[in-house]
1. Find out how many positive minus negative residues lie around Gly87, taking Lys and Arg as positive, Asp and Glu as negative, among other residues whose Cβ is under 10 Å from that of Gly87.
2. Report, in debye and to the nearest 20, how large the dipole of region 30-144 comes out about its Cα centre when Lys and Arg carry +1 and Asp and Glu carry -1 on their Cβ.
3. Let's see if you can work this out: charge +1 on each Lys and Arg Cβ, -1 on each Asp and Glu Cβ, no other charges. What is the dipole magnitude of the chain about its Cα centre, in debye to the nearest 20?
4. Please compute the per residue accessible area over the chain with all protein chains in place, 1.4 Å probe, rounded to a whole number of Å².
5. Testing the spin-label approximation: label points 7 Å from Cα along Cα→Cβ at Phe134 and Ala32. State their distance in nm.
6. Taking K and R as +1 and D and E as -1, what net charge do the other residues with C-beta under 12 Å from the C-beta of Tyr61 add up to?
7. Given the Cα-Cα distance of His184 and Leu96 and 0.36 nm per residue of separation, how much length would full extension add, in nm?
8. Assign one of three labels to region 128-206, namely rounded, prolate or oblate, based on the Cα gyration tensor with a ≥ b ≥ c the square roots of its eigenvalues; rounded applies when a/c is under 1.5, prolate when it is not and a/b is larger than b/c, and oblate otherwise.
Amino acid sequence: MRIANKLFLLLAIIFINNCASVSAPQGGAIDAIPPELVSTTPKILTEINPTQKITIQFNEYLQEASLKKAIKVFPTGDYNFKYEYKGNEIDFWMPLNLDTNTTYMLVFDTNLKDEHGVNIAKDIVIPFSRVSVFPSCWIVGTIFCDFNTAFILLLCNNPSKAKMLDTPPHYIVRASSNGAYQYHFLPNTEFSILAFPQYGSNIDYT
């Protein structure tokens, strides 16, 4: 009888161990869909105050390490903004030194990735301003070139060639795979447009 009880106990332990074992998921489709912007809070970013917090929501979790290279504010300047990663959301505190008469662009460029390492398909541009209405000027075009990607640089007021090469651009956007690019919410002024296959402070553009 004791032998039977011990045998029953042994079988029960084996059964429980088999039921409680954890195995890895058996495959599944690889995520190749780029993350997308879902919303901002507030929805329309006008009459924004310096240091005000906004929340930016994506449709999936982001790769936190990719944010540092991906997040930018245009026109270019020395901005003291900060942000906090929260999975599929980002809390962003507006820069302190916002000009009243300028519409700014918070940009997530194509360095931004989801948690599976998939980059966003194109730059995400979120306008914000201290006034109640965004300007309506825009530039849309296509760059035809013999390189795969292109950075489109905008400089206000048509500077000379020498100044172009020595001045940071006011706005930067990456053209899509077919060469198309667009800028919206621009001030009513003249611009010079430059296109380069790469952009960075350590590149000689002469």
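1. Values: positive: Lys86; negative: Glu60, Glu64, Glu89, Glu115.
Once all neighbours under 10 Å are counted, the net charge is -3.
2. On the way: 10 positive and 14 negative charges, 57 e Å.
For this selection, approximately 280 debye.
3. Values: 15 positive and 18 negative charges, 116 e Å.
I would put it at about 560 debye.
4. On the way: 13260 Å² over 206 residues.
Per-residue value: 64 Å².
5. Placing both labels 7 Å beyond Cα along the Cβ direction yields 3.2 nm.
6. Numbers: positive: Lys86, Lys113; negative: Asp31, Glu60, Glu64, Glu89, Asp114, Glu115.
Around Tyr61, the surrounding residues sum to -4.
7. On the way: separation 88, 0.36 × 88 = 31.68 nm, distance 2.33 nm.
The His184-Leu96 span can extend by a further 29.3 nm.
8. Verdict is oblate for region 128-206.
The values are calculated or read from the model by the stated rules, or taken from the named source; none is laboratory data. Remember, it's a predicted structure, so these values are computed and weren't measured experimentally. Neighbour counts run over all protein chains shown; Cβ positions are idealised from the backbone, glycine included. Ligands, DNA and RNA are excluded from the accessible area calculation, which covers all protein heavy atoms including side chains. Shrake-Rupley method; radii C 1.70, N 1.55, O 1.52, S 1.80 Å.
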